[in-house]
1. Considering only Cα-Cα distances, which of the following residue pairs are longer than 32 Å: LYS90/LYS418; LYS90/LYS343; LYS59/LYS343; LYS59/LYS184?
2. Equivalent ellipsoid semi-axes for segment 262-350, as square roots of 5 times the alpha carbon gyration tensor eigenvalues: give them largest first, rounded to whole Å.
3. May I ask for the distance between the Cα centers of segment 385-418 and segment 183-231, given as a whole number of Å?
4. Hey, got the dipole for segment 209-265? About the Cα centre, +1 on K and R Cβ, -1 on D and E Cβ, debye to the nearest 20?
5. How would you rank 90-97, 366-373, highest first, on the average number of other Cβ atoms within 10 Å across their residues?
6. What ranking, highest mean first, results for peptides 403-414, 386-397, 307-318 when packing means the other Cβ atoms within 10 Å averaged over each residue?
7. Of the options THR232, HIS198, ASN244, report the single residue whose Cα projects farthest towards the positive end of the charge dipole of segment 153-248 (beta-carbon charges: Lys, Arg +1; Asp, Glu -1).
8. For SER397 and ASN170, what does the FRET efficiency come to when R0 = 60 Å and r is the distance between their Cβ atoms, rounded to the nearest 0.05?
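Each value in this text was obtained by applying a stated rule to the coordinates, not by laboratory testing. Remember, it's a predicted structure, so these values are computed and weren't measured experimentally. Here Cβ is always computed from backbone atoms with ideal geometry, including for glycine, and neighbour counts include all displayed protein chains.
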Amino acid sequence: MTNEKRALEHRERGNTRVDRVGKEQAEYRGADAYSCPHARACGACQHVNEPYAEQLARKNACVADLFSRFGNVEVRPLLGMDEPYHYRNKVVSPYAPGRKLPGMAGGPPAKGRAARSARAGGARGRTAPGSPTREILCGMYAAGTHRIVATDECLIEHEEGKRAILAIRNLMPRFGIEPYDEDKGTGFLRHAVVRVGHASGEVLVTLVTNGRDFPGSRAFCRELVKRCPSITTIVQNVNERRTNVILGEREQTLYGPGFILDRLCGLSFRVSSQSFYQVNAVQTEVLYRTAIELAGFTGAESAIDAYCGTGTIGLVAAKHGAARVTGVDAVASAIRDARENAKHNGIENARFVAGDAGDFMRAAAASGQRSDVLLMDPPRAGASEEFLSAAVQLAPSRIVYISCNPATQVRDLAFLAKHGFAVRVVQPVDMFPHTDHIETVALIECGEGQLRPPCVAKEGALV
Ligand SMILES: C[S@@+](CC[C@H](N)C(=O)[O-])C[C@H]1O[C@@H](n2cnc3c(N)ncnc32)[C@H](O)[C@@H]1O
């Protein structure tokens, strides 16, 4: 679609969109640009007030520059979004005490056990229901700080997710739930993490609390679901540490099955509170299709899906042309989800291993195994040298490297290039419109006429 056509469509739908983000707050500026009133204070979307076409052009130039060092590489144009707003299906908000209130009722007071418990001094961080002494702040931290920019709307967050965040805030006084004060370490509710299934519409709410005891939790959940009926499950995550890390280790399910299901590339995936799941589902499909195309599966190849999360890419590969897939991830709950995902999609040619990807690769290389394709999608820090050395030893014919940080990807590709691999294709995908972040998929092959990786012709058991 051309920019003019898009602008025309947006103009026609302009009022609806502006209504959705709050007419008095966001302003439609034509040609794909909305102005976000919080942009300066928040800082998360560095380019939200720029036309989208300009954002794409800047990212294209940046990728071309980064990968120019590899010489003969096909750098494809960035794949952008048709609708680059409200794409974030993971909405996270802290809750913190704000201004002192002269006296305010937070809605009708809770009844029964919740109220009795709170009045009796109840759990840590609880006050008498319905009598808050301070405003409760939620929203996002200003970039690089722990200062909350209180917002009721956001141009990139999923609206259903934001609705849940606000409903929680509005219910807290009624149930005597104090927001967490990170300076003092007091209060009960630290964060809510809301995940919305893009295709399923199912919503998972994780309430991160400073203590396990949550009297009245059933009534709270009931009321929350009444206000946001798309919530299908609520999990309590306990984090009592004085830390910036959002989630703690202990969890209990308060409502529903404890996970949501979502669909990607024709498969159904289970997403639980601790497991990694891409935040932009529309572009995740674009990303995965690109990865599968570059892997060039013919039905005969074995593949490793390193840093597999809940097994999403590996399972799509197992369904679309890989003969066998082995996935590895360090998070045990993600691997549990990956195994469940294989089972309920009826996929039998994929297995998943919990552990460090570097250790897994080293053990596979040491035991003389081989794999035709290596799919890898490490976190922002990139892969360890140990991982890359083992990859060189395993000598897959193709490596498809997905990265949310092209700077570390370029570093890792330089290592592989030094050991006889050649970077062939780079396909950027705009997973994070309006921000500086760039996602890239690179295809790396064993370079002809160059140094051959040591075990390219090595016989061994398939991983
Ligand atoms: C960018 S995510 C990719 C997840 C998955 N490929 C997807 O598309 O949903 C990175 C993953 O690497 C995992 N991870 C981080 N460090 C790891 C390590 N040393 N070994 C194995 N997995 C690791 C994280 O748990 C996370 O699931």
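1. As for pairs spanning more than 32 Å Cα to Cα, those are LYS90/LYS418; LYS59/LYS343; LYS59/LYS184.
2. In descending order the semi-axes read 19, 15, 11 Å.
3. Cα centroid to Cα centroid, the span is 39 Å.
4. Its charge dipole is roughly 140 debye.
5. Those peptides, ordered most packed to least, come out 90-97, 366-373.
6. 307-318, 386-397, 403-414
7. Farthest towards the positive end: THR232.
8. 0.60
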